[in-house]
Number of protein chains: 2
Amino acid sequence: MPLTRVKLRPHSRAAIAAFIAVAPLGVASPADPLPSWKDGATKFAVVAFVERVTKEGSPDFVPTAERIATFDNDGTLWAEQPVYSQAMFAFDRVRALAAQHPEWNDKEPFASVLRGDLQKALAGGERAVVELVMATHAGMTTDEFHDVVRDWMATARHPKTGRLYSAMVYQPMLELLAYLRANGFKTYIVSGGGIEFMRPWIQRVYGVPPEQVIGSSIKTRFEQRDGKPVLVRLAEVNFIDDKEGKPVAINQVIGRRPIAAFGNSDGDLQMLQWTAAGPGPRFCLLVHHTDAEREWAYDRQSPVGRLDRALDEAHARGWTIVDMKRDWKVIFPDAKG
Amino acid sequence: MPLTRVKLRPHSRAAIAAFIAVAPLGVASPADPLPSWKDGATKFAVVAFVERVTKEGSPDFVPTAERIATFDNDGTLWAEQPVYSQAMFAFDRVRALAAQHPEWNDKEPFASVLRGDLQKALAGGERAVVELVMATHAGMTTDEFHDVVRDWMATARHPKTGRLYSAMVYQPMLELLAYLRANGFKTYIVSGGGIEFMRPWIQRVYGVPPEQVIGSSIKTRFEQRDGKPVLVRLAEVNFIDDKEGKPVAINQVIGRRPIAAFGNSDGDLQMLQWTAAGPGPRFCLLVHHTDAEREWAYDRQSPVGRLDRALDEAHARGWTIVDMKRDWKVIFPDAKG
């Protein structure tokens, strides 16, 4: 069946309203819900799954309440090269806070960041990253951190493309999020990134509300300051939402198993395994970065977003794999931001 | 204005459908959304708040997405005397598992539980409680624990009333939950009780889906067992969702500040403070157990559900206080379960 003839089955009020607004009575709308996806096996697999679980009376029908879809963020919904955007944020914060920390000029990893040698700054491995994160993400209230992130997202630009980071998102995935929601899915972000680094902008950019964001976190402490309660961000890791942590967090926060999961790296493997292991119809998808020209091409050897074990398992188990170069007509939204 | 003349402003599709189904065209339904609440200041405060935040165009109007209401569970939605139901569950599990643990006959706090001396079992304080919880709540998969809780809830009966625990819920609060949801609120449980002790039954009993339950938890570990991924419950505390923990967890999971919060004890004080401190209209309510005849009467001196500091603060700040004896026509649902 040609994909242009696939009919949307709108479930949400918004979709119904839109349908009534545009379709002459009695004529089904042939609008393509995924216009940035090239017709082919990948797009067909997505649409076929959604049709299957939303067809009332079918043995594969899934009630709306159970239509949970979880999405990784870095490399799945937005670009993660040359380094995670949250690392760029941390570097910028080190520069912004340097005047208050003269000791950073002689102390790694801060000294390297201030000299612009990011590679050397990260040479200290996990310990360096934790030091950078704690120095830039902790020690203020949650409200204060919210504003810092919001302001950075409104002004910082990607080093290669010059776009705002919010314009480094994948247009085909924005369409996929909206398509799933129009079909009654609840879309969650389940990211290794910081939950409070994502929440200030993720509703505006992805249409995902704050209560549907799961991520890594540092501990917070409830305090009264001048008679006003605040939550203070502490320099202590609370939870790392990566690898085995993803199904743990999904169970903790959602309490239901997703029926569809979307990732791009080995950090998403356990989330896909957990999703696939439930009963009934399941959908697992990996975004494979194959487009060095329009985005980046990387997989098994990449220090960022390594895709190795999960790629093997996707092939072995017949999970859907997006070949970015082949499957996506466009990568980023038109507006450069 | 007599409360029976207060009109519901239904926002959800379900409420609109119900309204259309029962109301003759052009005639507003005068149905009382809170029939188990006696007319008076308490009921009026609840209805006035809901009317105020749902009136479009009014300066106090709150968009649906921000209508977050958080409810404590023990003592707020269901009875917590003579001891928390989850403690009764733990005692029953000790008895059920005793045959596999002959060593428990000589080891406290288990020996006292097996002899039926619950007071002595709890004499060991927090350490005894943790030992009882870990021995009965850990060491199995999340799926296995789900089934154990589900079966216990279907059969165990309250020691005083002989009712199923799911029939020890407060009818007026069930009506309040439904009333808020009919007015576009998202209702959350934020309980010191175990999150996986609540989820197996809370949707059926309160109409709250699993992803809107926040509670205390033990750690879980992702494992492959016979090629199937499982989450194993570990004998290690993950998070205690009580007192200062409540606003911390609300921020972590919901990422928005509630505009209404409902509790009954000092364990809820920080959640109420956090809710009250936001901008715009706010509603804080305490259930005061004043009805020794129909339920229990307790507050400042009670070892379970102590209400002392929070009662003072409620009086000082003008929060709404339910006087159970005076404000509620009935306590428990008619069906004894």
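The values are calculated or read from the model by the stated rules, or taken from the named source; none is laboratory data. What you are looking at is a predicted structure, and each value in this text was computed from that prediction instead of being measured. Note that each Cβ is placed from the backbone with ideal geometry, even for glycine, and that neighbours are counted across all protein chains shown.
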Of the conditions (1) among the aromatic types (Phe, Trp, Tyr); (2) surrounded by fewer than 22 Cβ atoms within 10 Å (Cβ to Cβ); (3) within 13 Å of another protein chain (Cβ to nearest Cβ); (4) over 30 Å from B:Trp274 (Cβ atoms), the single one that A:Trp296 does not satisfy is (3)
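Conditions tested, residue by residue: (1) more than 13 Å from chain B (Cβ to nearest Cβ); (2) within 25 Å of B:Phe145 (Cα to Cα); (3) at pLDDT 95 or above.
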{"site": "A:Arg225", "(1), (2), (3)": "no, no, yes"}
{"site": "A:Val230", "(1), (2), (3)": "no, no, yes"}
{"site": "A:Arg256", "(1), (2), (3)": "no, yes, yes"}
{"site": "A:Gly263", "(1), (2), (3)": "yes, no, yes"}
{"site": "A:Gln270", "(1), (2), (3)": "no, yes, yes"}
{"site": "A:Pro303", "(1), (2), (3)": "yes, no, no"}
{"site": "A:Leu307", "(1), (2), (3)": "yes, no, yes"}
So B:Gly57, is it under 18 Å from the mean Cα position of the chain (by Cα) and either at positive phi or buried (at least 23 other Cβ atoms within 10 Å of the Cβ) (or both): no
Are any residues in the range A:114-124 closer than 14 Å to A:Val83 by Cα and either under 27 Å from the mean Cα position of the chain (by Cα) or surrounded by 15 or more Cβ atoms within 10 Å (Cβ to Cβ) (or both), and if so, which ones? A:Leu118, A:Gln119, A:Lys120, A:Ala121, A:Leu122, A:Ala123
Looking at this structure, is A:Gly278 more than 12 Å from chain B (Cβ to nearest Cβ), assigned to a loop (DSSP other than H, G, I, E, B) and in contact (Cβ under 8 Å) with a residue 12 or more places away in the chain? no
Going by the conditions given, is A:Pro63 more than 26 Å from A:Ala297 (Cα to Cα), modelled with pLDDT of 95 or more, more than 21 Å from the chain's Cα centre (by Cα) and away from chain B (no Cβ under 14 Å)? no
Can you tell me which residues in the range B:218-235 are free of Cβ contacts under 8 Å to residues at least 24 places away in the same chain and within 28 Å of the chain's Cα centre (by Cα)? B:Lys219, B:Arg221
Restricted to the range B:217-262 and to residues being of a type in the set (S, T, N, Q) and closer than 15 Å to B:Thr70 by Cα, the residue surrounded by the fewest Cβ atoms within 10 Å (Cβ to Cβ) is B:Asn251
So B:Ile202 passes all but one of these: (1) aliphatic (A, V, I, L, M); (2) out of contact with any strand residue (DSSP E or B) (no Cβ under 7 Å at 6 or more places or on another chain); (3) within 11 Å of chain A (Cβ to nearest Cβ). Which condition number does it fail? (2)
Among the residues of the range B:254-275, the number that are assigned to a loop (DSSP other than H, G, I, E, B) and hydroxyl-bearing (Ser, Thr, Tyr) is 1
Looking for whichever is more than 9 Å from chain B (Cβ to nearest Cβ), more than 22 Å from A:Val133 (Cβ to Cβ) and modelled with pLDDT of 95 or more here; the options are A:Ile240, A:Ile250. Which one fits? A:Ile250
Can you go through A:Asp143, A:Asp147, A:Asp151 and tell me which one is within 24 Å of B:Arg256 (Cα to Cα), surrounded by fewer than 16 Cβ atoms within 10 Å (Cβ to Cβ) and within 14 Å of another protein chain (Cβ to nearest Cβ)? A:Asp143
Tell me yes or no: at least one residue of the range B:233-253 is within 29 Å of B:Ser302 (Cβ to Cβ), outside any helix (DSSP H, G or I) and small (Gly, Ala, Ser). no
Would you confirm, using the coordinates I've provided, whether A:Gln273 is more than 15 Å from the chain's Cα centre (by Cα), among the polar types (S, T, N, Q) and within 26 Å of A:Gly318 (Cβ to Cβ)? yes
Among the candidates B:Ala48, B:Ala90, which residue alone is surrounded by fewer than 22 Cβ atoms within 10 Å (Cβ to Cβ) and out of contact with any Lys or Arg (no Cβ under 6 Å at 6 or more places or on another chain)? B:Ala48
Qualifying positions in the range B:180-199 - in a helix (DSSP H, G or I) and either surrounded by fewer than 20 Cβ atoms within 10 Å (Cβ to Cβ) or within 11 Å of chain A (Cβ to nearest Cβ) (or both): B:Arg181, B:Ile195, B:Glu196, B:Met198, B:Arg199
Of all residues making up the range A:204-214, the number that are surrounded by fewer than 23 Cβ atoms within 10 Å (Cβ to Cβ) and farther than 15 Å from B:Val253 by Cα: 3
